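J.: Have a look at this one before I ask anything.
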Amino acid sequence: MASASGFMRRSVVSSFIYSNAGTPKIALFRRSEKVSTYHSSSMARNERGDYSHPRDLDLWRQGKPYTFRDPSVGREWTIFPFLFLLKDCRQGGRGEKGIQIDWEHEGWQWFDPDTVRDDEKFGGVPRLKESLRRVWFEGEMNERASKALMTGLEDLKADHQSGSHELTSIALRAFRDIIAQMGEDIDTKWWETARMAAWHLWKNGRESMGAATLNSFLGLFADMEEIVYENLDSKVKWERLLALLDHHLDKREEMPTRIKHSFAAYLQSSVLSTAESQPPPSLGVLTLSSSSTIRDSILEAFASLPILNLDLRILESRPLCEGVKMASSIFSAFQSRFPLSSDRHLKLSVYTDASAALASKGVDFVLLGADQISHLGAVSNKTGSLPTVLSAKYVCPSAKVLVLSELEKVAEPGTDTNGSHEENDPKELLGCWMDSGMKGVKILTDGAEAAGRSDINYTVEVKNIYFEWVPAELIDAYICEDGTLDAAAIQQKAQQVKKKADRYLGQL
């Protein structure tokens with residue numbers, strides 16, 4: 001499609017292959033004369049699918065897309081940069097043996113990332129250095145700040161226990177460490193680098209749970225910007241920025257308490273206001289996985305209601321069985337809060353994930369957490385959430401589906417609710433099966449490890465997907481720190497997120 005200026009618009013994936021075996025280096029490929037554009041002595045970008053089998057590569061980073069025009073070919077290019085880690089034998093890959101070129105390229109070689117340039121002598125395609133810069137931030141930051149960013153990203157990627165609220169706090173603490181190491185020469189370039197570091201923590205940490213991280217950064221940027229452009233000594237600015245970050249981290253501790261109060265108020269109005277003469281004898285609640293917000297909200301609400309019996313059902317949530325941990329935590333907290341002399345009674349039941357329909361029978365509420373909320377109100381939560389909701393809607397149509405979540409988890413418009421899912425290590429599942437002595441696990445393991453070989457005629461995959469989407473039409477209300485909201489209010493919040501994201505990150 002042509003732009004208003006007459007340039008043909010094209011989108012390109014710019015994928016670099018990186019090796020950390022010894023000195024860090026980037027593989028660049030020389031395109032052949034058979035390629036229609038940028039073929040003359042050019043070091044081309046790499047496409048993952050053409051040159052290595054997926055077992056040899058891991059997506060390590062993505063870069064912020066950008067657009068430029070090249071009058072020489074009459075094109076307006078939008079570049080989407082990616083950086084893939086080439087795995088050696090220690091990491092389950094084949095190293096350089098895994099790189100194979102086809103007719104599009106004549107050869108390839110390794111380069112020190114710091115030597116890549118955008119000039120005719122180097123021979124690269126246009127804006128090659130700019131594309132690399134967006135995934136290789138080490139060249140844009142001092143060594144200490146770069147190390148702080150890398151450490152933060154590693155912490156986020158490796159954490160499969162924390163929810164998005166906790167992960168956002170990890171990201172903010174990492175950002176504080178980066179700011180502390182960036183130096184005190186605070187100017188426009190410093191401010192751009194700081195925002196790009198935050199972009200990486202959002203996108204390259206745990207993007208599937210990143211809406212909360214984005215919202216926290218956007219709220220922080222508004223306060224930081226005032227300090228950055230104040231007529232103050234740079235050291236004073238730097239100290240005030242660090243104090244501001246500490247303040248934002250402290251404020252995060254208030255959110256769960258506010259949600260607890262919102263949930264208690266919702267139950268007060270919905271349960272007690274519908275009771276004809278006296279409160280119902282029991283309150284039935286179904287939930288899954290592990291959420292400290294839901295755990296504390298259930299007990300807080302139960303304590304505030306004149307209802308003596310709590311019938312709580314929790315789905316275990318494979319493969320890490322977080323629901324078991326949740327049940328144990330709630331049971332312990334209940335014993336501490338309600339002594340034997342109390343007139344309160346807890347019936348706690350732990351079900352397998354496959355028992356969602358049975359667990360739904362007769363419940364009053366299904367409680368979900370949220371790792372992300374789309375601009376239309378769909379909720380990304382632990383896998384098992386959708387069958388749980390569908391089961392409850394069928395088995396117990398009167399049950400209300402409630403989402404307990406901070407508003408910071410609302411994503412900007414454009415969230416993909418039907419696309420790819422976060423794939424996690426299948427060894428978590430295989431390990432559980434092996435530990436329990438299941439027959440046939442060794443055969444599955446061998447089959448999965450053989451994937452990609454040319455001498456076999458089968459594919460074996462073990463899927464370990466953590467999250468799935470629950471459509472907005474299946475959700476009755478969103479309980480957040482500001483009270484009870486509906487899908488329309490969520491959509492309004494999403495538009496606000498987009499406006500701020502465009503302002504602070506759109507031109508990077």
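The values are calculated or read from the model by the stated rules, or taken from the named source; none is laboratory data. It should be emphasised that the depicted structure is a prediction, and the values quoted were computed from it without experimental measurement. Positions of Cβ are generated from backbone atoms using ideal geometry, with glycine treated the same way; all protein chains shown enter the neighbour counts. Please note that ligands, DNA and RNA were not included when accessible areas were found on the heavy atoms of the full protein model with its side chains. Shrake-Rupley method; radii C 1.70, N 1.55, O 1.52, S 1.80 Å.
J.: Which of the residues that make up region 304-314 are in contact with a strand residue (DSSP E or B) (Cβ under 8 Å, 6 or more places away or on another chain) and either aromatic (Phe, Trp, Tyr) or outside any strand (DSSP E or B) (or both)? Full working, then the answer.
T.: Taking region 304-314 as the starting set, the residues that turn out to be in contact with a strand residue (DSSP E or B) (Cβ under 8 Å, 6 or more places away or on another chain) are 305, 307-314.
Result: 305, 307, 308.
J.: Report whether or not residue 22 is modelled with pLDDT of 65 or more and within 21 Å of residue 126 (Cα to Cα). Break it down into steps so the answer makes sense when it comes.
T.: Details: modelled with pLDDT of 65 or more: yes; within 21 Å of residue 126 (Cα to Cα): no.
Here the answer is no, as residue 22 does not meet what is asked.
J.: State the number of residues belonging to region 223-235 that are part of a helix (DSSP H, G or I) and either surrounded by 14 or more Cβ atoms within 10 Å (Cβ to Cβ) or in contact (Cβ under 8 Å) with a residue 12 or more places away in the chain (or both).
T.: 7
J.: Next question, about the same structure. How many of the residues in region 90-117 are in a loop (DSSP other than H, G, I, E, B), within 14 Å of residue 16 (Cβ to Cβ) and in contact with a helix residue (DSSP H, G or I) (Cβ under 8 Å, 6 or more places away or on another chain)?
T.: Initial filter on region 90-117 (in a loop (DSSP other than H, G, I, E, B)): 92-94, 99-104, 112, 116-117.
Next, from what is left, pick out any that are within 14 Å of residue 16 (Cβ to Cβ): 99, 112, 116.
So of that shortlist, the ones also in contact with a helix residue (DSSP H, G or I) (Cβ under 8 Å, 6 or more places away or on another chain) come out as 99, 116.
So the answer is 2.
Residues are listed down the side, and each one gets a yes or a no for (1) at pLDDT 90 or above; (2) aliphatic (A, V, I, L, M):
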{"position": "242", "(1), (2)": "yes, yes"}
{"position": "248", "(1), (2)": "yes, no"}
{"position": "262", "(1), (2)": "yes, no"}
{"position": "286", "(1), (2)": "yes, yes"}
{"position": "291", "(1), (2)": "no, no"}
{"position": "300", "(1), (2)": "no, no"}
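J.: Sticking with this one: Name the one entry in 74, 93 that is on the phi > 0 side of the Ramachandran plot, of a type outside the set (Asp, Glu) and open to solvent by less than 60 Å² (accessible area, probe 1.4 Å).
T.: Working: 93 fails: on the phi > 0 side of the Ramachandran plot.
Exactly one of 74, 93 is on the phi > 0 side of the Ramachandran plot, of a type outside the set (Asp, Glu) and open to solvent by less than 60 Å² (accessible area, probe 1.4 Å), namely 74.
J.: Of everything in region 335-352, what is under 34 Å from the mean Cα position of the chain (by Cα) and open to solvent by 40 Å² or more (accessible area, probe 1.4 Å)? Give them in sequence order.
T.: 348, 350, 351, 352
J.: Identify, please: which residue in region 279-334 is among the polar types (S, T, N, Q) and within 23 Å of the chain's Cα centre (by Cα) and is, among those, surrounded by the most Cβ atoms within 10 Å (Cβ to Cβ)?
T.: Step one: of region 279-334, the residues among the polar types (S, T, N, Q) are 282, 287, 289-293, 297, 304, 309, 317, 328-329, 332.
So of that shortlist, the ones also within 23 Å of the chain's Cα centre (by Cα) come out as 287, 289-293, 317.
Numbers: 287: 29, 289: 27, 290: 25, 291: 25, 292: 15, 293: 22, 317: 23.
Here the answer is 287.
J.: On the given criteria, is residue 133 closer than 17 Å to residue 12 by Cα and of a type in the set (D, E, K, R)? So that I can check it myself, show each step before the final result.
T.: Working: closer than 17 Å to residue 12 by Cα: yes; of a type in the set (D, E, K, R): yes.
Criteria met by residue 133.
J.: Further, regarding this structure: Condition test on residue 87, is it without any contact (Cβ under 8 Å) to a residue 24 or more places away in the chain and not β-branched (Val, Ile, Thr)? Reasoning before the result, please.
T.: Working: without any contact (Cβ under 8 Å) to a residue 24 or more places away in the chain: no; not β-branched (Val, Ile, Thr): yes.
It is false that residue 87 is without any contact (Cβ under 8 Å) to a residue 24 or more places away in the chain and not β-branched (Val, Ile, Thr).
J.: Given the criteria among the hydrophobic types (A, V, I, L, M, F, W, C) and modelled with pLDDT of 85 or more, does residue 451 qualify? Break it down into steps so the answer makes sense when it comes.
T.: Working: among the hydrophobic types (A, V, I, L, M, F, W, C): yes; modelled with pLDDT of 85 or more: no.
No; evaluated as a whole, the condition is false for this residue.
J.: What single numbered condition from (1) modelled with pLDDT of 85 or more; (2) hydroxyl-bearing (Ser, Thr, Tyr); (3) open to solvent by less than 50 Å² (accessible area, probe 1.4 Å) fails to hold for residue 11?
T.: (3)
J.: Can you work out which of the residues in region 404-449 that are closer than 17 Å to residue 202 by Cβ and among the small types (Gly, Ala, Ser) is surrounded by the most Cβ atoms within 10 Å (Cβ to Cβ)?
T.: Per the stated criteria, the residue is 411.
J.: Scan (1) of a type in the set (Phe, Trp, Tyr); (2) without any contact (Cβ under 8 Å) to a residue 24 or more places away in the chain; (3) in contact with a Lys or Arg (Cβ under 9 Å, 6 or more places away or on another chain) for the single condition residue 331 breaks and write down its number.
T.: (3)
J.: Restricting attention to region 195-209, and to residues there that are within 8 Å of the chain's Cα centre (by Cα) and not in a helix (DSSP H, G or I), which single residue is surrounded by the most Cβ atoms within 10 Å (Cβ to Cβ)? Walk me through how you get there before you give the answer.
T.: Filtering region 195-209 down to residues within 8 Å of the chain's Cα centre (by Cα) leaves 202-203, 205-209.
Narrowing the set further to residues that are not in a helix (DSSP H, G or I) leaves 205-206.
On the way: 205: 23, 206: 25.
So, considering only residues that are within 8 Å of the chain's Cα centre (by Cα) and not in a helix (DSSP H, G or I), the one surrounded by the most Cβ atoms within 10 Å (Cβ to Cβ) is 206.
J.: Assigned to a helix (DSSP H, G or I), open to solvent by 30 Å² or more (accessible area, probe 1.4 Å), free of Cβ contacts under 8 Å to residues at least 60 places away in the same chain and more than 30 Å from residue 295 (Cα to Cα): does that describe residue 238? Can you show your working first?
T.: Values: assigned to a helix (DSSP H, G or I): yes; open to solvent by 30 Å² or more (accessible area, probe 1.4 Å): yes; free of Cβ contacts under 8 Å to residues at least 60 places away in the same chain: yes; more than 30 Å from residue 295 (Cα to Cα): yes.
Yes; evaluated as a whole, the condition is true for this residue.
J.: Next up: When both residues are 6+ apart or on different chains and their Cβ atoms are under 6 Å apart, which pairs have a first residue that lies in region 391-410 and is basic (Lys, Arg), and a second that is open to solvent by 20 Å² or more (accessible area, probe 1.4 Å) and not in a loop (DSSP other than H, G, I, E, B)?
T.: 409/372
J.: In addition: Restricting to region 450-508, count the residues that are at positive phi and either basic (Lys, Arg) or open to solvent by less than 30 Å² (accessible area, probe 1.4 Å) (or both). Reasoning before the result, please.
T.: Looking only at region 450-508, we keep the residues that are at positive phi, and these are 452, 483.
With either basic (Lys, Arg) or open to solvent by less than 30 Å² (accessible area, probe 1.4 Å) (or both) added as a condition, the list becomes 483.
Final tally of qualifying residues: 1.
J.: Now for a separate question. Could you say whether any residue in region 368-383 is more than 30 Å from residue 211 (Cα to Cα), out of contact with any Cys (no Cβ under 8 Å at 6 or more places or on another chain), open to solvent by 50 Å² or more (accessible area, probe 1.4 Å) and among the hydrophobic types (A, V, I, L, M, F, W, C)? Reasoning before the result, please.
T.: Kept after step one, since they are more than 30 Å from residue 211 (Cα to Cα), are these residues of region 368-383: none.
The answer is no; no qualifying residue exists.
J.: For residues in region 118-141 being loosely packed, with under 13 Cβ neighbours inside 10 Å and not acidic (Asp, Glu), which is farthest from residue 16 (Cα to Cα)? Spell out how you get there, then give the answer.
T.: Going residue by residue through region 118-141, those that are loosely packed, with under 13 Cβ neighbours inside 10 Å are 119-121, 139.
Cutting the leftovers down to not acidic (Asp, Glu) gives us 121, 139.
Values: 121: 20, 139: 15 Å.
So, considering only residues that are loosely packed, with under 13 Cβ neighbours inside 10 Å and not acidic (Asp, Glu), the one farthest from residue 16 (Cα to Cα) is 121.
J.: Considering only region 382-492, give the strands (runs of 3 or more DSSP E) lying wholly within it that have at least 3 residues that are of a type in the set (Gly, Ala, Ser). Write out each step before concluding.
T.: Numbers: elements: 400-404, 467-470, 477-480, 483-485.
The strands (runs of 3 or more DSSP E) meeting that bar number zero.
J.: Taking residue 353, is it more than 23 Å from residue 262 (Cβ to Cβ), acidic (Asp, Glu) and modelled with pLDDT of 90 or more?
T.: On the way: more than 23 Å from residue 262 (Cβ to Cβ): yes; acidic (Asp, Glu): yes; modelled with pLDDT of 90 or more: yes.
So residue 353 fits the description; yes.
J.: Hey, can you tell me all the residues within region 315-365 that are part of a helix (DSSP H, G or I) and of a type outside the set (A, V, I, L, M, F, W, C)? Walk me through it before giving the result.
T.: Narrowing region 315-365 to residues part of a helix (DSSP H, G or I): 322-337, 353-360.
Those that are part of a helix (DSSP H, G or I) and of a type outside the set (A, V, I, L, M, F, W, C): 322, 323, 325, 328, 329, 332, 335, 336, 337, 353, 355, 360.
J.: Within region 193-212, count every residue that is within 17 Å of residue 225 (Cβ to Cβ) and not basic (Lys, Arg). First the steps, then the outcome.
T.: In the first step, residues of region 193-212 are kept if they are within 17 Å of residue 225 (Cβ to Cβ); the result is 193-199.
Right, trim to not basic (Lys, Arg) and you get 193-194, 196-199.
Count: 6.
J.: Is it the case that some residue within region 213-222 is within 12 Å of the chain's Cα centre (by Cα), over 16 Å from residue 508 (Cα atoms), at pLDDT below 95 and buried (at least 18 other Cβ atoms within 10 Å of the Cβ)?
T.: Yes; the residues of region 213-222 include at least one that is within 12 Å of the chain's Cα centre (by Cα), over 16 Å from residue 508 (Cα atoms), at pLDDT below 95 and buried (at least 18 other Cβ atoms within 10 Å of the Cβ).
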